[in-house]
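The values are calculated or read from the model by the stated rules, or taken from the named source; none is laboratory data. It should be emphasised that the depicted structure is a prediction, and the values quoted were computed from it without experimental measurement. So basically every Cβ, Gly included, is an ideal-geometry build from the backbone, and we count neighbours across all protein chains shown. Ligands, DNA and RNA are stripped out before the accessible areas are found, and what is left, the full protein with its side chains, is counted by its heavy atoms. Shrake-Rupley method; radii C 1.70, N 1.55, O 1.52, S 1.80 Å.
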Amino acid sequence: MKIALIAHDGKKADMVHFLSGFKQKLKGANIKLVATGTTGLHIERAGFEVQRLLSGPMGGDAQIAAMAAQKELDMVVFFRDPLDKHPHEPDVQMLMRICDVHHIPLATNLASAELMFKHLNTINK
């Protein structure tokens, strides 16, 4: 199973905190993490193994969308900051559309991410 992780600047600490709550579950499963550049750096520093792509504004969101379109992802967790403007918003919208088109589960907030992660054992391929 491969899970993509993205977090806007104001949500990166939330992403690390969220993942820390599932550290044991992630270690015990065959789950690979992939993340946009800066988010991935924060995740690495928290002790997780993660494949880092470009930062979101530099094309990382588009890289993750391409992986989703090619059926290389099983889930996307994208902690968005809905109260801030983002210059790469078209890429964000494209990623969300690709997830919908290809039926890739997409969590955009803590509540939906927790629900999906609590059921990793039942959806892990």
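Taking the stretch 1-25 as the range and being open to solvent by 50 Å² or more (accessible area, probe 1.4 Å), part of a helix (DSSP H, G or I) and more than 16 Å from Val92 (Cα to Cα) as the test, the residues that pass are Ala13, Asp14, His17, Ser20, Lys23, Gln24, Lys25. Criterion first (crowded, with 20+ Cβ neighbours inside 10 Å, more than 17 Å from Leu106 (Cα to Cα) and of a type outside the set (Phe, Trp, Tyr)) does Ile43 satisfy it? Judged against the criteria, Ile43 is a match.
Residues in the stretch 93-114 include at least one that is within 20 Å of Ala13 (Cβ to Cβ), open to solvent by 30 Å² or more (accessible area, probe 1.4 Å), touching a residue at least 12 places away in the same chain (Cβ under 8 Å) and touching a strand residue (DSSP E or B) at 6+ places or on another chain (Cβ under 6 Å). Of all residues in the stretch 50-89, those being open to solvent by 30 Å² or more (accessible area, probe 1.4 Å), closer than 26 Å to Ala111 by Cβ and part of a helix (DSSP H, G or I) number 1. When we screen Asp74, Asp84 for residues that are under 18 Å from Met1 (Cα atoms) and in contact (Cβ under 8 Å) with a residue 60 or more places away in the chain, the only hit is Asp74.
In this structure, does Ile123 turn out to be among the β-branched types (Val, Ile, Thr), modelled with pLDDT of 95 or more and open to solvent by less than 80 Å² (accessible area, probe 1.4 Å)? Taking the combined requirement at face value, the residue does not satisfy it.
Within the stretch 26-37, restricting attention to residues that are at pLDDT below 95 and either of a type in the set (Val, Ile, Thr) or open to solvent by 20 Å² or more (accessible area, probe 1.4 Å) (or both), which residue is nearest to Ala66 (Cα to Cα)?
Looking at the filtered set, the residue picked out is Ile31.
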